[in-house]
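J.: The structure is given below, and queries will be raised subsequently.
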Amino acid sequence: MITAIDSNILIDVIGQHSRFTDPSIRALDQARQEGALIISPIVVAEIAGHFSSLKHQEKCLREMGLRLLDLTMADAYLAGQAYIAYRSRSKDPKPRMLADFLVGAHAAHQSDRLMTRDRGYYRTYFTKLKLIEPEV
């Protein structure tokens, strides 16, 4: 079982302690027991501000058992198609969301499921992607 991890889950763990921290740690531990944990370059960029250096970030991600997998052309294409569909449906589309569509497409092609707390648009635009959310 390969689980892709969204940045919000990692921020729960590495950022300030919140009500999401412990559930996210438990969910990551459970997913790690079930197989591989992967992240996309987008997630690496989104969490970079939580680290003092690249070496620190690399060490932390390695210790968490996360493997970075590059985006493929197919990932980028799927993200673009989903984003176009989102923009055509939304009255007020959010430009920053392209990164989220890249995370979703990466997970759809390279994993069995995505761990996230942002299930709404993943469920709408990546209908075949299995989503898991830490229980709070």
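J.: Neighbour counts of other C-beta atoms within 10 Å: give me Thr72, Thr3, Thr21 arranged from fewest to most.
T.: Ranking Thr72, Thr3, Thr21 by Cβ neighbours within 10 Å, fewest first, gives Thr72, Thr21, Thr3.
J.: Skipping prolines and chain starts, which residues have an amide H placed within reach, meaning under 5 Å, of the one on Ile38, given they are 5 or more residues away or on another chain?
T.: Close amide H contacts, sequence-distant or interchain: Thr3, Ala4, Ile5, Arg67.
J.: When only Cα pairs under 8 Å and 6 or more residues apart are kept, what is the percent relative contact order across the chain?
T.: Relative contact order of the chain: 34 percent.
J.: Starting at the first residue of the range 109-117, write each ³J(HN,Hα) from the Karplus equation 6.51 cos²θ - 1.76 cosθ + 1.60 with θ = phi - 60°, in whole Hz, x for Gly and Pro.
T.: Taking θ as phi minus 60°, the curve returns 8, 10, 9, 8, 6, 10, 8, 7, 9 Hz for the range 109-117.
J.: A further question on this structure: Starting from the Cα of Ala48, move 7 Å in the Cα-to-Cβ direction to define the label point; list residues of the range 67-87 whose amide nitrogen is under 17 Å from there.
T.: Residues passing the 17 Å test: 68-71.
J.: Continuing with this model, one more query. What do you get for trypsin sites (Lys or Arg not before Pro) in the range 1-44 restricted to DSSP loop and a cutoff of at most 11 other Cβ within 10 Å of the site's Cβ?
T.: Counting only loop positions with at most 11 other Cβ atoms within 10 Å, the trypsin sites (Lys or Arg not before Pro) in the range 1-44 are Arg19.
J.: Could I ask something else about it? Normalise the Cα radius of gyration of the chain by 2.2 N^0.38 Å (N = residues in it) and let me know the number.
T.: Working it through for the chain, the quotient is 1.02.
J.: Could you compute the FRET efficiency for Ile14 and Ile84, with r as their C-beta to C-beta distance and R0 at 30 Å, rounded to 0.05?
T.: Given R0 = 30 Å and the Cβ-Cβ separation, E is 0.40.
J.: Which order, highest average first, do 49-60, 116-127, 5-16 follow once you tally other Cβ atoms within 10 Å for each residue and take the mean per peptide?
T.: 5-16, 116-127, 49-60
J.: While we're on this one: For the range 59-109, report the % of Cα-Cα distances exceeding 18 Å.
T.: 42 percent
Since every read-out is calculated from the coordinates, none of them should be taken as a lab result. As the structure is a prediction and not an experimental result, all values here were calculated from the model. All Cβ positions, even for glycine, are placed from backbone atoms using ideal geometry, and neighbour counts span all protein chains on display.
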